[in-house]
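One structure is given here, and the rest of the page talks about it.
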Amino acid sequence: MNTRHSIPLVYSEEVEHALHAGDPVVALESNVITHGLPYPDNAATAKKVEDAVRAGGAVPATIGVDDGRLVIGMDDADIERFASTPGIPKVSSRDLPVVLARGGMGATTVASSLVAAELAGIPFFSSAGIGGVHRGAETTMDVSSDLIQFTRSKVAVVCAGAKSILDLKLTMEYLETHCVPLISYRSDDFPAFYCASSGIRSPHRIDDPDVVARIVEAHRATGQPGGVVITTPPREADAIDSDVAERAIREALLAAERDGVRGNAITKYLMRAVDQTTGGRTAEANMAVLISTAEVGGALAAAHARHRRAHPAAA
Ligand code: PSU
Ligand code: MN
């Protein structure tokens, strides 16, 4: 247990060892386990995501809250427990102090996982889909805390962009306004999760992992708060046609309005509805994208760790 902070951090042995040795570690969220996929697919996928980080050359650290403590790295039994226990609350940044103080389990979103990763000294995080500006945000003001957290936590985020259940144009505008560096790894466009492109061009395409590592370090060196967002597109075989996705999303948005769903419940509701409309095709793609993104996250974290070893003054 780390006693430097008054908030107890509980590291898995593997993660603690890797951090001491300066080996690459990739933080992973747990809300996608509890709220993103049904049991037992969620448990199986979470384990495959961890394996993919390892295949990329890094150590996975799945983040969660348990009994008033921040869990930094889960073993298979922890993952099984998070995946199968009903009613674990979704914990975003605003909820984190409450759940830590009260006790019990909590599933961390991208935003709160970044808070934990920074406390734990983990410089990289990977998840398939980040939160963003919701469609209709001009009236609902529904903007995910994930975006705000990018401006606060010094952690690089690797993702497959965001799902087009969101307004991706506004999401990119938000990131630009808030000075968040956005780079696309080996693609020209901002990806839309299981669609290879959102149709929106990324401000920067970078193909070389070493250049990505240098960008992460250059951002730190400028003294700017927050981290860099790095997108990676889904594999061609896993991608879904954007017209098919768009039709399902429109239907889901209408259903959400009809059912009066809003606030922090909307993301899960929309994802489930889209999965149902597409006969589970998007859920399949969802799992594949989570895994392929994690492998890229592992590889980029490994390139970053190599860069830091070669330039220790920058660390
Ligand atoms: N997007 C996805 N899958 C997810 C989420 C987003 O494609 O599971 C989850 C993540 O945990 C993300 C959270 O951090 O939803 C964002 O929720 P909100 O929009 O309420 O901030
Ligand atoms: Mn929201």
- Message: Test of understanding: ordering GLU14, GLU50 by Cβ neighbours within 10 Å, fewest first, what list do you get?
- Response: GLU14, GLU50
- Message: Per DSSP helix of 4 or more residues, -39500 (n - 2.57); summed, then divided by the residues of the chain. What does that give at 222 nm, rounded to the nearest 500?
- Response: -14500 deg cm²/dmol
- Largest-first semi-axes in Å of the equivalent ellipsoid built from the Cα gyration tensor of the range 8-49 are 25, 11, 8
- Taking a label point 7 Å from the Cα of GLN276 along the Cα→Cβ vector, which residues of the range 223-256 have an amide N closer than 19 Å to it? 245-256
- Message: Between ALA21 and ALA101, what is the label-point separation in nm under the 7 Å Cα-to-beta-carbon projection?
- Response: 4.0 nm
- Message: If neighbour count is taken as other Cβ atoms inside 10 Å, put SER126, SER6 in order from fewest to most.
- Response: SER6, SER126
- Note on the structure: Pseudo-spin-label distance ARG306 to ALA55, built 7 Å along Cα→Cβ, given in nm, is 1.9 nm
- 25 Å Cα-Cα reach of LYS48 towards lysines, excluding residues that sit fewer than 8 places from it in its own chain: LYS90, LYS163, LYS268
- Item | Size of charge dipole - the chain - debye, nearest 20, with Cβ of Lys, Arg +1 and Asp, Glu -1, no other charges | 600 debye
- With a Förster distance of 30 angstrom and the Cβ-Cβ distance between LYS169 and GLU236, calculated FRET efficiency to the nearest 0.05 equals 0.80
- Note on the structure: Taking only the alpha-carbon positions of the chain as identical scatterers, the Debye log10 I(q)/I(0) at q = 0.15 Å⁻¹ comes out as -1.21
- Find the all-direction average of the projected area of the Cα convex hull for the range 190-315, expressing the result in square nanometres with one decimal place. 9.5 nm²
- Note on the structure: Neighbour-count ranking for ARG186, ARG214, ARG258 (other C-beta within 10 angstrom, fewest to most) reads ARG258, ARG186, ARG214
- Note on the structure: For the range 1-144, the dipole about the Cα centre with charges only on Cβ (Lys and Arg +1, Asp and Glu -1), to the nearest 20 debye, works out at 360 debye
- Between the range 208-243 and the range 272-293, what's the alpha-carbon centroid distance in Å? 22 Å
- Quick P(r) readout (the range 139-183; Cα-Cα; 5 Å bins; whole %) gives 5, 18, 34, 29, 10, 3, 0
- Query: For ALA294, what is the net charge nearby, where nearby means another residue's Cβ is under 14 Å from its Cβ and Lys, Arg count +1, Asp, Glu -1?
  - Reply: -1
- Query: Which net charge results for the neighbourhood of HIS311, defined as the other residues with beta-carbon distances under 15 angstrom from its beta-carbon, given Lys and Arg at +1 and Asp and Glu at -1?
  - Reply: +3
- Task: Multiply the residue separation of VAL244 and ASP188 by 0.36 nm, subtract the distance between their alpha-carbon atoms, and state the gained length in nm to one decimal.
- Result: 18.0 nm
- With θ set to phi - 60° and the Karplus curve 6.51 cos²θ - 1.76 cosθ + 1.60, what are the ³J(HN,Hα) couplings of the range 138-146 in order, to the nearest whole Hz, using x for Gly and Pro? 5, 10, 7, 6, 7, 10, 5, 4, 3
- Query: With r defined as the distance between the Cβ atoms of ALA265 and THR140 and R0 fixed at 22 Å, what FRET efficiency is calculated, to the nearest 0.05?
  - Reply: 0.95
- Interchain or sequence-distant (5+) residues whose placed amide H lies within less than 5 Å of the amide H of ALA156 are PHE124, PHE125, VAL228
- Using a Gaussian network for the chain with springs between C-alpha atoms less than 10 Å apart, which of these wobbles most: ALA46, ALA265, ALA245? ALA265
- Query: Can you give the net charge of the other residues whose Cβ lies under 9 Å from the Cβ of GLY64, counting K and R as +1 and D and E as -1?
  - Reply: -3
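Laboratory data are not the source of any read-out in this text; all were calculated from the coordinates shown. Since we're looking at a predicted model, the values are computed, not measured. Here Cβ is always computed from backbone atoms with ideal geometry, including for glycine, and neighbour counts include all displayed protein chains.
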